[in-house]
1. Which of the residues that make up segment C:374-387 are surrounded by 15 or more Cβ atoms within 10 Å (Cβ to Cβ) and either more than 14 Å from chain B (Cβ to nearest Cβ) or free of Cβ contacts under 8 Å to residues at least 12 places away in the same chain (or both)?
2. Given C:E181, C:E156, C:E194, which one is acidic (D, E) and buried (at least 21 other Cβ atoms within 10 Å of the Cβ)?
3. Among the residues in segment C:39-53, are any more than 14 Å from chain B (Cβ to nearest Cβ) and under 29 Å from C:S246 (Cα atoms)?
4. Quick one: in segment A:78-107, of everything that is in a loop (DSSP other than H, G, I, E, B) and without any contact (Cβ under 8 Å) to a residue 24 or more places away in the chain, which residue is nearest to the chain's Cα centre (by Cα)?
5. Looking only at segment C:73-101, filter to residues that are surrounded by fewer than 21 Cβ atoms within 10 Å (Cβ to Cβ) and away from chain B (no Cβ under 14 Å); which one of those is modelled with the lowest pLDDT?
6. Any idea which of B:G41, B:G21 is free of Cβ contacts under 8 Å to residues at least 12 places away in the same chain, more than 9 Å from every other protein chain (Cβ to nearest Cβ), out of contact with any Cys (no Cβ under 9 Å at 6 or more places or on another chain) and within 25 Å of A:P111 (Cβ to Cβ)?
7. Within segment A:99-138, which residues are in contact with a strand residue (DSSP E or B) (Cβ under 7 Å, 6 or more places away or on another chain) and within 14 Å of chain B (Cβ to nearest Cβ)?
8. Filter the helices (runs of 4 or more DSSP H) completely within segment C:271-328 down to those with at least 2 residues that are touching a helix residue (DSSP H, G or I) at 6+ places or on another chain (Cβ under 7 Å), away from chain A (no Cβ under 13 Å) and modelled with pLDDT of 95 or more.
Amino acid sequence: MNPRFKLLLFLMAGLVVAFAPLPVPAIAPQARTFELDARQFTYSPSELSVNQGDTVTIHLVSTDVVHGLYVDGYDVSVEADPGQSATLTFVADKPGSFRFRCNITCGAMHPFMIGKLTVGTNNWLYRSITILLLALFALILIRPAKQARTT
Amino acid sequence: MKRSELLSRLIVAVAVIGVVGAPLYLWSRTPIIHARMAENGGWSPDVLQAEVGKPLHLKITSDDVVHGFAVGQMDMQSVDILPGKVAGITLTFDKPGIYTFFCTRWCGLNHWRMRGTIEVTGASDTIPSD
Amino acid sequence: MELTHIPFIKNALKNRYPQLAVFIVMLVGYIFAILAGLIGTPVGSHNFSIVFVWIAWWAILILIAVPFFGRGWCAVCPIPLPGEWLQRGAILSPPDKRPKWLNLRVPKMFRNIWLQNISFLLLALFSSVLLTTPNITGIVLAAMLFAAIGLSTVFERRAFCRYLCPVGGFIGLYSQTAPIELRIKDKQVCVNCEGKPCYNGSSAGYGCPWDVFPGGLTKNTYCGLCMECIRTCPHDNIAVNLRPFSADLAKPTTRMDEAFKAFIMLGSAIIYAGVLLGPWGMLKDAAYNVGSGAWFIYAAVFLAIIFIVLPGLFTLGILNTKNTLPLKHRFASLSTALIPLGLVFWVAFSLSFVLTNASYILAALSDPLGLGWNLFGTANIAWQPMLTSILAPAQTLALVGGLIWSARTAQKAASETHTSPIPVIIYCFILTAVMLWLLL
């Protein structure tokens, strides 16, 4: 097989992996509630997992100073003073991995106060790793016609 | 020395002196009250002076977390003091005395200790109107 | 393609005034950043020094300057200027009477990039504090400025830039991937040239401040694009050329200091992605609480990953070949593949925090010291992450592209050393997968 043809095959495979729609598992959406403790500079729990379509309710409890919660991708937020927990409710209709972060300056490491919300499966990560694998195989298997393999 | 060299040195000198002098000057002329968690010093300064009837203009900023400002013995809405931002507050006192100001947003275990005083002197030199 | 063939470009580069104008802007900005760090608000996100150094300047450096202009930042950096002006006795052309400074040659033992490796690591170990605390940033910036001035009064040329600057260490390494270069046009002209004013200086300009002999330049690594040699060459034999990306990587290094720099940069990008952008609070606490027991463990693990784990695994991978070349040679040569990989890792990592925090830039421009100013009316712009929907695809594209780029580099280096590139390619694949997992 001509190396250029092989390259084209790999490129097309890459596009398929990147963009092919995946079936969404038919899990009935539920209401999920989480109690999230916030302190300088971490949330606990810091990793949350829900199914696509779930209605997510987060009770934000700040334990030391005023903290906020902002969800990347969903662009929703809430803030809580210690002693006055606040509630954020939204429908997790977009699948994937979303970082949530503090949006009220709460001290030096505030920009790195980060947690992770996974809605459904982190499809984009799996697609990316598959594309990476495809690239690996293409790199090892496609040899320009002239160059002899050296060991 | 060539003219161009002299001119360049002049420009560099003016630029450097300007960039150091101008901000320093403006900074020294901007009295700001700094709010920090009580463990790190609380309000600085924590004693203010005022006069009856004369509006007191305050600029307050937070150096760390969200704080709030309110004066006891006065009917006022507390003002949020956000980190890195400056809140402008104007207070006018009717009666002389010692007023206490304190933090109104929880800022740590020693939040309740975060307070200061405003010493308001009476307008004792005013000529009473006949 | 020779860029200096175009008269406008050649004159703009040769003329000292455009360069001086840029220098003055950069120097003023740098001094202002020091001042803001020292007297401005301690809240990093609202202080000019943190926002303009670690968000704005860093973004421009790692996303534009290094990949497209190699050592382009070095060409405009203000740090060496005061010292150099003192050393030269002039801001523009050489004066008639040169001042008598010591002009010592940097001792042979230090004529490598190990000091730069160490200075970068020092900053890296304290990075959580450095990136978030304005007065620390102010102090570090001031320290670099004064170190450069001090070294200029003792040593010849730009000793700080060439041998100490933590930024210069990695910019030099990564500049090999850039699509521009400064090279001589005709070697024979240099052979016949008397006096070599490009290196020794003349009345038209100064000898190379980077201690490079332009006639022998084959790679970008140590040329700071200061344009002195273009001014001094009496034969118009020096050009700035446009060329394919990473042309220099076709000539792999054999130096251990450069090889380890590749590992230092690769390792720190991975560690930062995990510690700063990940959800693991304990790691952030350990990284931030400098001096605590947890921090010592963090520092030890950091150094172990960079000096033992990453190079160790790499060496194991390349051991298995019956090869006459010494292992050290193969190690250094094949580690060239890690240069594009490291650059791409830093791009992918930086995209995340830059897009998240770029909105602070306009606010900090209007109120740089946190005193309540509103110089340009933008002081009250709210924090808002930007372009979040393109971040993940951009990181994937960059990282997959990086793997392909490093694999091609590995293939070239491997054919030169008569080994197989496969272990290196697999090594790059594993690390890229880890980076994807950490970032996405």
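1. Passing the criteria: only C:P385.
2. It is C:E181.
3. Yes; the residues of segment C:39-53 include at least one that is more than 14 Å from chain B (Cβ to nearest Cβ) and under 29 Å from C:S246 (Cα atoms).
4. By that ranking, first place goes to A:T105.
5. Filtering segment C:73-101 for residues that are surrounded by fewer than 21 Cβ atoms within 10 Å (Cβ to Cβ) and away from chain B (no Cβ under 14 Å), the one modelled with the lowest pLDDT comes out as C:K100.
6. B:G41
7. Once the filter is applied, which keeps residues that are in contact with a strand residue (DSSP E or B) (Cβ under 7 Å, 6 or more places away or on another chain) and within 14 Å of chain B (Cβ to nearest Cβ), segment A:99-138 yields A:C102, A:N103, A:I104, A:T105, A:C106, A:M113.
8. Details: elements: C:281-288, C:293-304, C:310-319.
Result: C:293-304, C:310-319.
The values are calculated or read from the model by the stated rules, or taken from the named source; none is laboratory data. Just so it is clear, the model here is predicted, and its values are computed rather than measured. For neighbour counting, all protein chains shown are included, and Cβ atoms are generated from backbone atoms with ideal geometry for every residue, glycine included.
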